[in-house]
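Chemist: Could you have a look at this structure, given as structure tokens, before my questions?
The values are calculated or read from the model by the stated rules, or taken from the named source; none is laboratory data. Since this is a predicted model, take the numbers as computed values, not measurements. Cβ coordinates were reconstructed from backbone atoms using ideal geometry, including for glycine residues, and neighbour counts include every protein chain displayed. Surface areas here come from the heavy atoms of the whole protein model, side chains and all, with no ligands, DNA or RNA. Shrake-Rupley method; radii C 1.70, N 1.55, O 1.52, S 1.80 Å.
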Amino acid sequence: MSVVRVIPGSGQLGKLLPFAAVLVLLCSALIGMSMSSTCSAAAGVQMKADSARATSSDQSLVILHELECFRQLGSALYIAAHPDDENTELLAYLARGRNYRTAYLSLTRGDGGQNVLGPDFGEKLGIARTQELLAARKIDGARQYFSRAVDFGFSKDYKETLNNWDRQQVLSDIVRVIRKFHPDVLITRFSPSPGGTHGHHTASAVLALEAYKLAGDPTAFPEQGLAPWCPKRIFWNVSKFQKDKFDGTNVTKMITEGKDSVSGESFLEMAERSRGMHKTQGFDTFRMSNANEPRVELFQLLDGPAPKDDIMDGVDTTWNRYPGGAEIGKAAGAIIDQFKLDDPAASVPALLKLRRQLDSLPLHDPVVTEKRELLDHILQECLGLQVETTVNNFSVVPGESVKLHHSAKVVATVPVKWVSTRYHLLDKTETKNLELKRNVATEWQSTEIVPFDTPIAQPYWLRAQGTPGMVRVDDADLIGSAENASSFPVENVFEIGGQKLVVRDEPVQITEVGGTEIRRRLDVISPVWLRFISEVSLFRPGSSREVELEVTAARDKSQGTVELNAPAGWSVSPTNVPFHLAEAGEHAIFKFQLTAPSTPATARISATALMNGQRYQSKREEVNYAHIPPQLLQSPASLKAVSFDLVTRGHNVGYLPGAGDSLALNMQEMGYKVRVLDDAHLSAEQLHDLDAVVIGVRAFNVREHLEQELQTLFSYVESGGTVIAQYNLSDRLKAPKIAPYDLHLSRDRVTDEKSQMTFLVPDSPVLNSPNKISAADFEGWVQERGLYFPDRWEDHFSAVLECRDPNDKPSRGALLVCKYGKGYFVYTGLSFFRQLPAGVPGAYRLFANLISLGK
């Protein structure tokens, strides 16, 4: 086992650390989370946004750190399966301690995970977790990539994972990222040896190892049009979660102690903050369990030449790797040595000279290109050149004009001319030739028309219909990207010392909420939004019912017609209806009669608004959490219409919300009148007229008052009521008792949504009344059968169903029913919270039987 210890800050920045520490103590309250590494962040808008909030002294430390990053050419790519799989401490150490270009490739966006903050699942959860990863990277200094793989839920077998994913597509995506990023080493979070962890985890390591071998092969994926790139070696970053896979051979040990040269935080503290961004997964108060232990990382070699002392052994991490690069390295070192914290502009002449030297290096080398962008950003920061494009409204409709306010200000005394501004969307350049005055904003405005054919804003991976295992991305250049580029990119061209400097920007709306500045990028939106009041509609075969569609105006004087589009066998009346909405924000609800075919069927019903010869089909949704920027979705509005035989009993159901699901709406669709309950004010009077009470997912993990009100619920059951409790996490219970009789929660789950269901009590009313349940009712389930089943319970409970994953022992805890007094208590880990919103007929029939118990 080899050991290496690297002390960060070995250049001038290291010598200045005592002074830097004083500055940090004085200004840390102002810096907060705004500091981010530019070693791994792409030059441009985000770097400007992060650095603009720092004080001048802080900014000098940031610039000095960026110079150290410019001088360092080592690169590492970390690969795993999900958001929150990454080792944030290692990322922080590599990116901000060693100043390497560091990136994390998460194969999925975490779409299939849980959400402790709200009801967003699936695509919307994936969007939230994407932004959580980007927020984490701003802290630890790495950059973020993704593949097209979908997190389809927990998988116990990596082979099942690769069957659900398109193996070749995901492998191609990893190769693409390697060829674009040019990492010197690859690092996996998980062992490629199967077993003992999530199937996605193992699959990520298996595919990373394959990609390592293929990325340098010109015959592999030639359609990418990217030059081959072969990393030096690939490691497994050994973790405590897979110690049984670790044999202790071919291991390199790395000491990761140290502090960030700008903020003064230890890499451990930085890692905790970074991981704490995964708030939808409950990591908001995350702390390292081994914080008092020496900071050591282990790397087991998976392939490539064995290192002697360090993961980068044999890799030239200096500019010497390029012919003629030695002089660039020397020049960068000289700038660092002579850098003046109190006068960054003194470095401008040397930076301009260094820019000319870079012209001698390969134009299309991705690392050199990135370093050019970084150097331009450093030059901009040394000049104190602040550039901003603002709009009054963060949204614009195709064909509409947008008023842009441009502003530039320079702090340095160096002459700077604002030459021009380019609008790439319009293929237009505004020539200005304005001389900037020191500390005086130069401003001008422009009104531009957004072309009618401009696509509306939508996350690029959701623009087309994919498969359960893969998203579809038609523009290959976008594959790997974390998020969309700007809808309206702006390039400002300046002249400094006879050289042109391009500063990229995008329009933003700036508002203030509670003393906090909020910036929203300009989004292209639909002039109207369409929304089905219910996204699942239930029919009996051959029946008709009203379907309601809401039309909301994004702009004044919105008028046109709206229609529903149904497949053969379904009929809609009327064909279309006109709408006229006078003001933006005004909305109206239109009713259509939808008739189902005479046999059971499922259909996707879409809606279209026709305005001025254009067709619009989008609904508007926002993913909005306090710790990430608001995210706009404009997916096609659609309704899942399901025709099947469903019988219900009872009329009134109480719903006690948990961490978030849509069951209240789903039960209303079944015909029930739903009353939302509050555990802080439960009483017998509230419950006496209810036919059943349904408790939302993870309610016993998040409801603060449920424990003291349990007896109210138990008394309701004892008097003849029915309570249906859904799954909870065993390790975060706020009540020691969650049922009238004892049961023990486990981590048992059945991830195969097609798993055979065995009826353990065939004559149970759960399986017979009012709907006769058969194997057909378990067809078409999505993602899983269920999760976190009890594994032990008192004999009062009856286990109704048995299911299993391949090669696992059977689980009988999916659906437990007990008689308590005159009523029934049900505990179920079956994932009704996924099945009902997905319109699975059998799940509705089974849930109706649970509500109907005792009636």
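Chemist: Taking every pair of alpha-carbon atoms in the stretch 652-852, what share in percent sits in each 10 Å bin, from 0 to the bin with the longest distance?
Modeler: With a bin width of 10 Å, the distribution comes to 9, 39, 40, 12, 1.
Chemist: How large is ³J(HN,Hα) for each residue in the stretch 156-161, as worked out from phi by the Karplus curve 6.51 cos²θ - 1.76 cosθ + 1.60 (θ = phi - 60°), to whole Hz, x for Gly and Pro?
Modeler: Taking θ as phi minus 60°, the curve returns 8, 9, 5, 5, 4, 4 Hz for the stretch 156-161.
Chemist: Hey, another quick one. Above 19 angstrom, tally the Cα pairs of the stretch 566-706 and express them as a % of all pairs, no decimals.
Modeler: Details: 6915 of 9870 pairs.
Cα-Cα pairs in the stretch 566-706 separated by more than 19 Å: 70 percent.
Chemist: Name the residue from 398, 490, 451 whose Cα lies farthest towards the positive end of the charge dipole of the stretch 398-508, charges +1 on Cβ of Lys and Arg and -1 on Cβ of Asp and Glu.
Modeler: Of the listed residues, the answer is 490.
Chemist: I've got another one for you. Just from the alpha-carbon atoms, what are the Rg and Dmax of the stretch 60-183 in angstroms?
Modeler: When restricted to the Cα atoms of the stretch 60-183, Rg and Dmax are 16.0, 51 Å.
Chemist: Follow-up question, since we're still on this one. In the stretch 739-779, which trypsin sites (Lys or Arg not before Pro) fall in coil by DSSP and have 12 or fewer other Cβ atoms within 10 Å? Mind dumping the intermediate values first?
Modeler: Values: sites: 747, 749, 754, 772; in loops: 754, 772.
Within the stretch 739-779, the qualifying trypsin sites (Lys or Arg not before Pro) (loop, at most 12 other Cβ atoms within 10 Å) are 754, 772.
Chemist: Can you compute the charge dipole magnitude of the chain about its Cα centre, using +1 on each Lys and Arg Cβ and -1 on each Asp and Glu Cβ, nothing else charged? Give it in debye, rounded to the nearest 20.
Modeler: Using only the charged Cβ atoms, the result is roughly 640 debye.
Chemist: Ranked from highest to lowest mean number of other Cβ atoms within 10 Å per residue, what is the order of the peptides 616-629, 354-367, 77-90? Kindly include the intermediate steps, with their values, before the conclusion.
Modeler: Working: 616-629: 17.1, 354-367: 14.0, 77-90: 26.1.
Result, highest mean Cβ count within 10 Å first: 77-90, 616-629, 354-367.
Chemist: Sequence-distant or interchain residues sharing an amide H contact under 5 Å with residue 110, placed H: which?
Modeler: 151
Chemist: May I ask for the angle, rounded to the nearest 10°, between helix 706-718 and the longest principal axis of the chain, with both axes built from Cα atoms and the value confined to 0 to 90°?
Modeler: Computed tilt is about 20 degrees.
Chemist: Starting from 0 in steps of 5 Å, tell me what percent of the Cα-Cα pairs of the stretch 678-755 lands in each bin.
Modeler: The calculated distribution, bin by bin, is 3, 14, 25, 25, 15, 9, 6, 3, 0.
Chemist: With the full set of protein chains in place, find how many percent of the accessible area of the chain is carbon and sulfur; take the probe as 1.4 Å.
Modeler: 50
Chemist: Using alpha-carbon positions, what is the distance between the centroids of the stretch 277-348 and the stretch 586-664, in Å?
Modeler: Their Cα centres are 48 Å away from one another.
Chemist: Follow-up question, since we're still on this one. Could you tell me the relative contact order of the chain? Use alpha-carbon pairs under 8 Å, at least six residues apart, and round to a whole percent. The partial results should precede the final answer.
Modeler: Working: 1963 pairs, mean separation 80.6, N = 855.
It comes to 9 percent, rounded to a whole number.
Chemist: Restricting things to alpha carbons, tell me how big the stretch 384-522 is in terms of Rg and Dmax, in Å.
Modeler: When restricted to the Cα atoms of the stretch 384-522, Rg and Dmax are 17.7, 58 Å.
Chemist: Right, next: Find the centroid of the Cα atoms in the stretch 473-501 and in the stretch 55-90, then give the distance between the two in whole Å.
Modeler: 21
Chemist: If you take the charge dipole of the stretch 571-712 about its Cα centre, with +1 on Lys and Arg Cβ and -1 on Asp and Glu Cβ, which of 657, 585, 598 is farthest toward its positive end?
Modeler: About the Cα centre, the residue reaching furthest to the positive side is 598.
Chemist: Excluding residues fewer than 8 places away in the same chain, name every one of the lysines whose C-alpha is closer than 26 Å to that of residue 772.
Modeler: The reachable lysines, counting only those whose Cα sits under 26 Å from residue 772, are 640, 673, 754, 819, 822, 855.
Chemist: I need to check one value: relative contact order of the stretch 704-777, counting alpha carbon pairs closer than 8 Å and at least 6 residues apart, in percent. Each step should come with its number before you reach the end.
Modeler: Values: 22 pairs, mean separation 19.4, N = 74.
Computed value for the stretch 704-777: 26 percent relative contact order.
Chemist: Using the heavy atoms of the protein chains and a 1.4 angstrom probe, tell me the accessible area per residue for the chain in square angstrom. Kindly include the intermediate steps, with their values, before the conclusion.
Modeler: Numbers: 34370 Å² over 855 residues.
For the chain, the per-residue accessible area is 40 Å².
Chemist: Calculate the spin-label point distance for residue 580 paired with residue 548, positioning each point 7 Å from the Cα along the beta-carbon direction, and give it in nanometres.
Modeler: Spacing of the two 7 Å Cα→Cβ label points: 2.4 nm.
Chemist: Step by step: find N for the stretch 747-809, compute 2.2 N^0.38 Å, then divide the Cα radius of gyration by it. What's the final number? Walk me through the numbers before you get to the answer.
Modeler: Values: Rg = 12.4 Å, N = 63, 2.2 N^0.38 = 10.6 Å.
So the Cα radius of gyration is 1.17 times the expected 2.2 N^0.38 Å.
Chemist: Per the Debye formula with a single identical scatterer at each Cα and no solvent contribution, what log10 I(q)/I(0) holds for the stretch 528-643 at q = 0.09, 0.20 Å⁻¹?
Modeler: -0.27, -1.03
Chemist: Quick one: Karplus J couplings for the stretch 616-629, per residue in order, coefficients 6.51, -1.76, 1.60, θ = phi - 60°, nearest Hz, x for Gly and Pro?
Modeler: 10, 10, 8, 9, 10, 9, 10, 9, 9, 10, 4, 8, 9, x
Chemist: Would you work out the charge dipole size for the stretch 652-852 about its Cα centre, treating the Cβ of every Lys and Arg as +1 and the Cβ of every Asp and Glu as -1, and quote it to the nearest 20 debye?
Modeler: Details: 20 positive and 26 negative charges, 44 e Å.
About 200 debye.
Chemist: Restricting to the stretch 652-852, what percent of DSSP beta bridges are antiparallel, rounded to 5?
Modeler: Numbers: 19 of 34 bridges.
About 55 percent, rounded to the nearest 5.
Chemist: How long, wide and thick is the stretch 234-365, going by the Cα atoms along their three principal axes, in whole angstroms, largest first?
Modeler: That works out to 54, 39, 28 Å along the principal axes.
Chemist: Right, next: How many times 2.2 N^0.38 Å is the alpha carbon radius of gyration of the chain?
Modeler: Its radius of gyration relative to the 2.2 N^0.38 Å reference: 1.03.
Chemist: Please get the size of the charge dipole for the stretch 509-600, origin at its Cα centre, with Cβ charges of +1 on Lys and Arg and -1 on Asp and Glu, quoted in debye to the nearest 20. Please list the in-between numbers first.
Modeler: Values: 9 positive and 11 negative charges, 47 e Å.
It comes to approximately 220 debye.
Chemist: Give, as a single signed number, the net charge of other residues whose beta carbon lies under 12 Å from the beta carbon of residue 277, with Lys and Arg counted +1 and Asp and Glu -1.
Modeler: Values: positive: 129, 137, 138, 273, 275, 279; negative: 84, 86, 132, 140, 272, 284.
Taking every other residue near residue 277 into account, the sum is 0.
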